[in-house]
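Read the structure below first, then the notes.
The values are calculated or read from the model by the stated rules, or taken from the named source; none is laboratory data. It should be emphasised that the depicted structure is a prediction, and the values quoted were computed from it without experimental measurement. Backbone-built Cβ (ideal geometry, glycine too); neighbour counts: all protein chains shown. Keep in mind that these areas ignore ligands, DNA and RNA; they rest on the heavy atoms of the full protein, side chains included. Shrake-Rupley method; radii C 1.70, N 1.55, O 1.52, S 1.80 Å.
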Amino acid sequence: MSKKPREHTLIRQMRKNTENYLLLIPYSVFFIVFTIIPILVSVYLSFTYFNLLQPPEFRGLFNYIRLFLDDEIFLISLRNTMIFAVITGPISYFLCILFAWLINELGPKLRNVMTLIFYAPSISGSLYVIWSYIFSGDSYGLVNSTLMRLGFISEPILWFTDTKYALTIIIIVQIWLSLGTSFLALIAGLQGVDRSLYEAGAIDGIKNRFQELIKITLPSMGPSMMFAAVMQISSSFSVGAICNALAGFPSTDYCASTIITHIMDYGNNRYEMGYACAIATVLFLMMFIMNQVIKAILRRFGDV
Amino acid sequence: MSSATILKLKKRNISEKGSAKVSRSRGGDVAVFIFLLAAGLLMFLPFLYAIVQSIKPIDEIFIYPPRFFVTSPTGDNYLSLLDLVEDSRIPFSRYLFNSVLVTFFATGLHVIFASMAAFPLAKFRFPGSKTYFNIIVVSLLFTTQVTALPLYIVMAKLHLIDTYAAIIFPAIGSSLGLFLMKQFISGIPDAMIEAARVDGASAIRIFWSIVMPNVKPAWLTCIIFSFQTVWNDEGSNFIYSESLKVLPTMLHQISDGGIARVGESSAAAVILMIPPILIFVLSQSQILETMAHSGMKD
């Protein structure tokens, strides 16, 4: 009995907002078909055997069992992706904050130039391949030749083939690439902090720019920091293309494999779509959990 | 107060706040400057190296011991890149046409659709609006890089593989643009919209006559972000026909020629980075104005 009137108001509410729903439709079609459905499809296919040609065959948890118990390369990829998520991600997030803060201390002209210099790597497409010449494995490479001239090494280091170095260099390149959208958001956020807070702070005895950052700036930037965190998580989990471009695929002993390259391997090369979807589903789950954890941490620090 | 004045006031406010300098020591200013200069040089080094490599003659690229700088700069690498391009079966203009076409449709439709959807989400509450926006916020995580494989399967089912649509459609539904647009529209004073409502304007009318003129910086930002993604998207997973490929894909195929093509591949990388960087330089202030609204509360 009590449900009926409520249903009525819901329908009435929806009818009243027909125009709003109409405005949502064109975007939603593309958003749902090309973002939401792929995620759902991936979850569904992860329980099947599927090779794109024959209809999917239900396999239960088989793919997941194989993933964790019988696929050493997956475990290497998982470890590497976690390194990117837990080490590279936070470092790049910290650098975004640090550089945005320091750049904001400059005058307007210089600020624009520095913003461009730090932001440029993230939008310059495939320019990162230049790193493969900088760290080239022969003695013509910039780093090798410099180290040899200075006498640190006597023969060239195979930076991208040696399992000791490959991942580290990719991490450096990834950090170089990572001052992107979140960096811009932080710069904009810094410029939007209420100026009167700083004046009040100065009267209250804030002595230097560092105190000002800790006591005033960061606490009032919560929302920008949240947005930046989400963007950094996304980019640190999606490292893959640069691994293949720099270290090749497969890299020596799969030392530079990530979950993304593992998905590409099973999807594009072996056509084991069900298995590849299981890998992708694990990735989605990890990203989602990491997102919730980061948000919980940030919420504790700032008023978000 | 008219909408234009409100926005102008807001703009001035933002630039004034940026120059707030209260407790600053001279020594600190110098230290900040020197640190940024050093870090900036490190960030810039690969760009410099790419440019230098691209104008080195072949004997300087393979000189031993290698030198960073060029002694007799030449345009040979660019010319030989052009030759390689002309040798391919498909004329260069076709790749350029593909790039422009794909970028134009993806960017244009994305901006129009995203701002249409952002308006009701920003200004009205109706059944499902909040949940829907939360889903969009979470989906900021799942870029096309991450969903590439299931996306491929969906596209295969829809017979979109090897069509322009394979690059255009996912870009239209990008969640970043919608998110930024929604946050920006939220900043438009409610009073303006209420006033129009009282005058009997419909949501669609309010959208065209009040919201659209006020979100120009956000438009530009979405256009640029969308442009960057589409321009840098090689689309190589979804496109097989040579005649449908975009410029970046084609230049990569050339530069993949290995070590012998160091010069040409540097030249290709330099050419490809110019459009996104140039566009950013021209629109930096509007982008930052939009990003000032990008904060996320939940």
Scan of segment A:53-75 for residues that are in a helix (DSSP H, G or I) and open to solvent by less than 50 Å² (accessible area, probe 1.4 Å), ordered by number: A:Asn63, A:Tyr64, A:Leu67, A:Ile73, A:Phe74
Failed item, numbered, when A:Thr81 is tested on (1) over 24 Å from B:Pro275 (Cβ atoms); (2) open to solvent by 10 Å² or more (accessible area, probe 1.4 Å): (2)
Residues (of a type in the set (A, V, I, L, M) and under 17 Å from A:Phe135 (Cβ atoms)) located in segment B:53-83: B:Ile61
Residues located in segment B:277-297, provided they are over 12 Å from A:Ile187 (Cα atoms) and more than 7 Å from chain A (Cβ to nearest Cβ): B:Leu278, B:Ile279, B:Leu282, B:Ser283, B:Gln286
Close pairs from segment A:185-202: first closer than 11 Å to A:Ile216 by Cβ, partner open to solvent by 60 Å² or more (accessible area, probe 1.4 Å) and assigned to a helix (DSSP H, G or I), Cβ under 7 Å, at least 6 apart: A:Arg195/B:Glu16; A:Gly201/A:Lys215
So A:Phe47, is it more than 11 Å from every other protein chain (Cβ to nearest Cβ) and touching a Lys or Arg at 6+ places or on another chain (Cβ under 9 Å): yes
Listing of helices (runs of 4 or more DSSP H) fully contained in segment A:192-304 that carry 3 or more residues being within 20 Å of the chain's Cα centre (by Cα): A:222-237, A:241-247, A:259-264, A:273-301
Filter result (open to solvent by 10 Å² or more (accessible area, probe 1.4 Å), in a helix (DSSP H, G or I) and in contact with a helix residue (DSSP H, G or I) (Cβ under 9 Å, 6 or more places away or on another chain)) within segment B:154-166: B:Val154, B:Lys157, B:Ala165
Filter pass, A:Ala228 being away from chain B (no Cβ under 11 Å) and open to solvent by less than 50 Å² (accessible area, probe 1.4 Å): no
Condition broken by B:Phe62, with the remaining ones in (1) in contact with a Ser or Thr (Cβ under 7 Å, 6 or more places away or on another chain); (2) open to solvent by 20 Å² or more (accessible area, probe 1.4 Å) satisfied: (1)
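Restricting to helices (runs of 4 or more DSSP H) lying wholly in segment B:181-292: which have 2 or more residues that are open to solvent by 10 Å² or more (accessible area, probe 1.4 Å) and of a type outside the set (A, V, I, L, M)?
Correct list: B:190-198, B:216-232, B:247-255, B:262-291.
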